[in-house]
Each structure stands twice: as C-alpha cells, then as structure tokens.
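Everything on this sheet refers to the single structure shown next.
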Amino acid sequence: MTAYADELRDRLPDHEIVHAKTPHEEREYVADARVATGIGLDQDLLSDAERLELFAVASSGYGHLPLDALARAGVTVVNAAGIHAPGIADQAIGCCLMFARRLHEGWSRTRKAEWRHYQAHEFTDSTVTVVGLGSIGRAVVDRLTGFPVDTIGVRYTPEKGGPTDEVIGFEEVAFHDALSRTDYLVLTTPLTDVTRGLVGEAELATLQPHAVLVNVCRGGVVDTDALLRSLQKEDLRGAALDVTDPEPLPPDHPLWRMENVLITPHMGGHTPRHWERMADILAENVERLDRGEDRDLLNRVSLPEVNTSPENPER
C-alpha cells in the first residue's frame, strides 16, 4: 500500500493522499475522505465517512465488500478489473508453450544432469479455446496473434463476436464440439452459476488425449476429482493450474505428485506493476469525479437497489 500511495501522489499532485497504517488512522482519515481505496472497507467505518463518494477496491473481486451498506450510504464502488490481465495472460501463454515443447521434462532432466533426448511437440497449427473473453481472455487472444494457431472463444453473448477465429456460447452441444477440436483449453472466465463445474467428467472425456488444460481463473470451474481421474488414466496430456478447488490444495493431494501437472499458488496476476496499474485507474476516476463525470467512472460496480422508504432513507 505504501507503493500504491506513492504512485497516486505522482498522478494526483493537486490532491492530498494519506496512507492509513493503523485502524485508528483508518477511522480518522475516512471521516474527511471524498475517495478511499484499499483491499476492503469495514462497514462500521461508513458511519464516520460523511464525505465519502467513491471507494476503489484494490482487487477485481468485490463480493467481500459490504455492498448493501455502501449502496445505502450513496458511495460509488469501482474495482480493479483488468489490472491482472497482462500477467495472467503471459502465464497462460507460457504454460501452453511449456507443454508444447515439454519444457517441464527438460527442467526435470536438467536437475538430474541427463543429456537424453525426448520428443517435444509444436504449438503451430494448434487450436486454442479460450473460455471467457473479458479483459484476461482478450489479453490471451491478443498474445496468440503472433502464433500460427486457430482460436475459439467462449462467451455468454456469442452474437457480439470477439477477437477469436470462432465465437460460441456455453450451450452444451456447441461447447462440446469445440472441446473435441481443442488442443489447449485456457480458462479465463469468472466463477458463476453457469461456469461452476463447467469442466467435468464429460468435458474432459471430450477433449482429445493430447489436450492440455490451463486454468488461470477460478478453481471451481473445474471438477478436481474428474481432472485427477483423467490425468491418471492419461486421457489428458497435462494441466497447468494457477487456481485449485479446494484452495490451497492440501499437501497430500495426488495432483502435487504428478509430473504432467504444474501448480502455482494463485499468483498469475502478480507483477511489479500491480500498484502502478491500480493507480492509473483510480487517478483517472478521481479526475472524472472532479469533472462531475461520476456516471462515467471506469470499472463501476453495480450495487444493490436501496430501500428509500422513510423508515430506511439513503444518506
């Protein structure tokens, strides 16, 4: 947060930026703040935040916030959607290339000092299916334009099109048809009622045995038990998991011991430029707020409808 505050001072030299380092300072500063930002905001602070107009949560997710209370207080909420896209997209492409060239096997033989050839593959002419065409999915597809591959995008509204060679929806027939043609399945979709358990036993069986699964979104999109069985039966070439279900994955889980599985601790979006990108969004929103363009704020979150009856008036 210190780095975040410094980035904001560089971008907003005409505004006072204060960094609360203790709960006491949080309560003191929020009482006078027009804009607040952080990982979260305790509901009990809102009673003191008489001037607060905007809260910028420093993450893409916002389900942990007291959204009802923020709505009743008349505070606009924005999130950090998009700031993780470059790092996660880089990681997804790296995982595809790792499996294409079997670099994990090379790393294993390096540690054993084994000069022994093995058969790698080509990424060329592969079909990459990207599930979710939000900021992360689009960033993945953008990076794929430099490779001679075919792309399929999966989104809720396929009629809107997208940057992939082909765009489909989540309907089972269309989705399974795409899976049957997929070499690399990259999951970048949010976890919703539609996507929870989206990749289960039937979907994994539909993928070809040489296919690779790359999950950089949420662990719950994949049925972990079904994935384990598929890998054990060699019905899948490998999996790269930045997220798992459960998370963290228990130390004794069999996936940890599989040579064709790469597990990283939900850090695909971590880069040294995290706070820089977060500050870019907030600084732009502060300037729009100053110009009275509060309806055009970046990454604005839809808040619950508030009860405006006399018994429960808005602030």
Legend entry - Cα-Cα separations in region 157-227 greater than 16 Å, expressed as whole percent: 49
Inset, instruction - Would you mind checking the tilt of helix 274-290 against the longest principal axis of the Cα atoms of the chain, expressed as 0 to 90 degrees and rounded to 10? - result: 40
Legend entry - For mean projected area of the Cα convex hull in nm², calculated from these coordinates, the label among (1) 20.3; (2) 15.8; (3) 18.1: (1)
Legend entry - Reach of residue 233 by Cα under 29 Å, taken over lysines that are not fewer than 8 positions away in the same chain: 112
Legend entry - Solvent-free Debye scattering, log10 I(q)/I(0), computed from the Cα coordinates of region 229-303 at q = 0.12, 0.21 Å⁻¹: -0.59, -0.93
Legend entry - Shape metrics for region 85-263, restricted to C-alpha atoms - Rg then Dmax, Å: 15.7, 53
Inset, instruction - Mind checking region 84-185 for GluC sites (Glu not before Pro) that DSSP puts in a loop (not H, G, I, E or B) and that have at most 14 other Cβ atoms within 10 Å? - result: 114, 122, 171
Legend entry - the chain: calculated mean residue ellipticity at 222 nm from DSSP helix runs of at least 4, using -39500 (n - 2.57): -9500 deg cm²/dmol
Inset, instruction - Could you tally the net charge around residue 289, taking each other residue with its Cβ under 11 Å from the Cβ of residue 289, Lys/Arg +1 and Asp/Glu -1? - result: -3
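Read-outs throughout are calculated quantities, based only on the coordinates presented, and are distinct from any laboratory measurement. Please read all numbers here as calculations on a predicted model, not as lab measurements. Please note: Cβ atoms are built from the backbone with ideal geometry, for glycine as well, and neighbour counts cover all protein chains shown.
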